[in-house]
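Nothing in this text is a laboratory measurement; each read-out follows from the coordinates by a stated rule. Keep in mind the model is a prediction, meaning the values are calculated, not measured. Positions of Cβ are backbone-derived with ideal geometry, glycine not excepted, and every protein chain shown enters the neighbour counts.
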Amino acid sequence: MFTRLATTLKWLVFLGILGVAALLFYIYSGWYQIGADVPHHKVTYWMLETLRDNSIKAASSTVEIPSDIDSPERLLRGGPDYNEMCVSCHLSPNLSKTDFSIGLYPSPPNLTDSLVDYRSQAERRQAHFWVIKHGIKGSAMPSWAPGHDDERIWDMVAFIERLPELSVEQYQIITQRASGSSNHHH
């Protein structure tokens, strides 16, 4: 009985070492097509998407949502920032694609779409805040935290929440920044 267990363990160790060696060979071979114009294998895409979604859910679950998140002031402060920093990837009511957005892989979400979301409103807001603040590795989504305080990020979240409802005209009005003004909180 003991020899059978030892033999099984030896084979498992051997197969593990062989698997690691094969993985290292593949990594160093250059065979993987890293170009953004070549889609991931379905399994790779599923793994990355699942990793991303679960990581964001876990990391954002303790984010506290401000009580004034639905205020018109937040919407008006968040609009110009969205228009200046987000629209080239996440689009607007009058923009269905940009030169930048069509070349990104994976494609960033079009935030003007009213997507059916499995998350609650609170979970969605927490996730939006976390992603804007921290960004996502290996994607075109940067961390906006270095130049933006939490209040400013919440203003963008407030705007994003309302974006799917906005007409082209409403979008243009809300996203205008007054000449010489800044959205930095003091």
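Per DSSP H run of n ≥ 4, the term is -39500 (n - 2.57); total these for the chain, divide by its residue number, and report the mean residue ellipticity at 222 nm rounded to 500 deg cm²/dmol. Working shown, then result.
On the way: 8 runs with 103 residues, N = 186.
My calculation for the chain gives -17500 deg cm²/dmol from helical runs alone.
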Checklist entry - Hey, can you rank 1-12, 39-50 by average C-beta count inside 10 Å, highest first? => result 39-50, 1-12
Next on the checklist: Checking the a/c ratio against 1.5 first, then a/b against b/c, what shape does the Cα gyration tensor give for region 58-165?
Outcome noted: rounded
Item to check | Net charge contributed by nearby residues that have their C-beta within less than 13 Å of Met141 (K/R +1, D/E -1) | outcome: +3
Item to check | Given [x] 17.7; [y] 19.5; [z] 16.9, the label whose value is Kirkwood radius over Cα pairs in Å derived from this model | outcome: [y]
Checklist outcome for this item: For Lys42, the lysines lying under 27 Å Cα to Cα, once residues fewer than eight places off in the same chain are dropped, come out as Lys57, Lys97, Lys137
Checklist entry - Helix 42-60 sits at what angle to the longest principal axis of the chain, using alpha carbons and giving 0 to 90 degrees rounded to 10? => result 60 degrees
Next on the checklist: Using +1 at the C-beta of Lys and Arg and -1 at the C-beta of Asp and Glu, which of Thr3, Ser143, Phe100 has the Cα lying farthest in the positive direction of the dipole of the chain?
Outcome noted: Thr3
Item to check | Nearest-ten-degree value, helix 2-29 long axis tilted from longest Cα axis of the chain | outcome: 50 degrees
